[in-house]
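Each remark here refers to the structure printed beneath this line.
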Amino acid sequence: MLLFCEWLQKNPWIVAIDSSVVISLILEILHYSGFFLLVGSTAIVDLRVMGVAARYRTPTEVAHQLFPWMWTGLGMVLFSGFFMFAGDAVDFYLADCFHTKIKIVLLAIVFGVLVSWIVPRLDRVPVVPLWFKIVAFLVALLSLGLWIGSIYASLEVPAQCGVG
Amino acid sequence: MLNSFMAIAKWLQNTWWALYISGSTWAYPFVQLTHFTGLSLWVGTNLSLDLRLLGIGSKRQTASQLSAALFAWNWIGLCIAVLGGFMLFSSAATKYVPNPAFEIKLGILVPVAVLWHVLVQWHARKWEKGHRVSAFGKTIGLVEILLWFSVIIAAVSIPNYDAH
């Protein structure tokens, strides 16, 4: 993996992208915008599942409108994040807090998928069993917590490890 | 004018909360987390509404229905972002006040973008024709997206003008 990171960092395309101020700025803007879109839309769906947002709309209605933006935001974050990582791939690879960040983000994505599986099931039957409502609430709460955790981890990577 | 701002900044930086944030190992990252969580809610929900005005993505809900569904958490997001931002600013106010990127961000772009968003929320219904939005409404939505991109550009440029 370290060899791959060394190769990636020295790749002429990556070197060119990393040394361009304009492209670096565009990538950073794409990363922040994607992250806001991803976390903002996910948080609203999670809060709806928890019963504290947009209560006069069904969870499916809210999710239908916002989930496409969650996945679009994720795509923007992954695309820009890859190029931001590639420029300092070795340093990122050796930084423990970056590993922690990636683990939290992956876990948050898994919980995002779980919420998207749960949402249509909340509206499918007229009376949702209490145990399912509790499970849905807990999954949404964990999803929200993990995304907030991923913001914290993202802020801590440059502060604690000096990369990024 | 700058002298009066600097005097206020010096006073702010010496308040008990500012000294606590700058002197504590956990408070600064916590305040940063608060600011970014609020921003994710605020910018994420704004972009979702603007993209709906532009007619991109799911059209199941009209722009005014989506605006009403997101309203409460949209403004809660702004309140959290402002609270976190004020705390961050307090902890290093004298460093931020003379920073041109910060001046442009907070003095021009953020107030204009927030007022523009109020306009979008108040008038979204007027620009709708069933599930379609007029060309004027689309333009208003596009301008808001560009305004928030400008805010992000100014924000990521702040460290480039940092004197320290």
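What is the packing order of peptides A:121-127, B:79-85, B:10-16, taking the mean over residues of other C-beta atoms within 10 Å and listing the highest first?
Details: A:121-127: 10.1, B:79-85: 17.7, B:10-16: 13.4.
Descending mean neighbour count gives B:79-85, B:10-16, A:121-127.
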> For A:31, B:123, what's the fewest-to-most ordering of other Cβ within 10 Å of each Cβ?
Replying inline: B:123, A:31
> What lysines could a cross-link reach from residue B:138, if we take a straight Cα to Cα line under 26 Å and drop same-chain neighbours fewer than 8 places away?
Replying inline: B:59, B:105, B:126, B:129
> If you line up the long axis of helix B:135-157 against the longest principal axis of chain B, both from Cα atoms, how many degrees apart are they, to the nearest 10?
Replying inline: 20
> Hey, if you put +1 on the Cβ of every Lys and Arg and -1 on every Asp and Glu Cβ in region B:71-154, which of B:71, B:108, B:87 ends up farthest toward the positive end of that dipole?
Replying inline: B:71
> Taking only the alpha-carbon positions of the protein assembly as shown and ignoring solvent, what does the Debye formula give for the base-10 log of I(q)/I(0) at q = 0.12, 0.14 Å⁻¹?
Replying inline: -0.92, -1.20
> What ranking, highest mean first, results for peptides B:112-119, B:63-70 when packing means the other Cβ atoms within 10 Å averaged over each residue?
Replying inline: B:63-70, B:112-119
> Other chains' Cβ within 10 Å of A:28-34 residues: what's the mean?
Replying inline: 5
> Using Cα atoms only, what is the angle between the long axis of helix B:2-13 and the major principal axis of chain B, expressed in degrees (0 to 90) to the nearest 10?
Replying inline: 80
> Nearest 10 degrees, 0 to 90: what angle lies between the long axis of helix A:96-124 and the longest principal axis of chain A (Cα atoms)?
Replying inline: 30
> Among residues other than residue B:96 whose Cβ falls under 13 Å from its Cβ, what is the net charge (Lys/Arg +1, Asp/Glu -1)?
Replying inline: +1
>> Could you work out [θ]222 nm for chain B from helices alone, using -39500 (n - 2.57) per DSSP H run of at least four and dividing by all its residues? Round to the nearest 500 deg cm²/dmol.
In response: -24500 deg cm²/dmol
> How many angstrom separate the Cα center of region A:69-141 from the Cα center of region B:77-152?
Replying inline: 27
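Viscosity 1.002 mPa s, temperature 20 °C: what is the translational diffusion coefficient of region B:2-161 from Stokes-Einstein with a Kirkwood Rh over Cα pairs, rounded to a whole number of µm²/s?
Value of D from the Cα-based Kirkwood radius: 126 µm²/s.
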> GNM, chain A, Cα, under 10 Å: largest mean-square fluctuation among A:22, A:105, A:119?
Replying inline: A:22
>> Just checking the output field for A:37-49: average partner chain Cβ neighbours within 10 Å of each residue's Cβ?
In response: 5
>> Can you give the local net charge around residue A:49? Use residues other than it whose beta-carbon is closer than 13 angstrom to its beta-carbon, Lys and Arg +1, Asp and Glu -1.
In response: +2
>> To make sure I understand the rule: partners must be lysines, Cα under 18 Å from the Cα of residue A:10, and not fewer than 8 residues away in the same chain. Which ones qualify?
In response: none
> What does the charge dipole of chain A about its Cα centre add up to, to the nearest 20 debye, if the Cβ of each Lys and Arg holds +1 and the Cβ of each Asp and Glu holds -1?
Replying inline: 780
>> Can you give me the distance in nm between label points at residue B:108 and residue A:3, each placed 7 Å from the Cα along the Cα-to-Cβ direction?
In response: 5.3
> Using 7 Å Cα-to-Cβ label points, what is the residue A:91/residue A:123 separation (nm, one decimal)?
Replying inline: 4.6
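Laboratory data are not the source of any read-out in this text; all were calculated from the coordinates shown. Every value quoted in this text rests on a predicted model; they were computed, and no experiment measured them. When we count neighbours, we look across all protein chains shown, and the Cβ atoms used for this are built from the backbone with ideal geometry, even at glycine.
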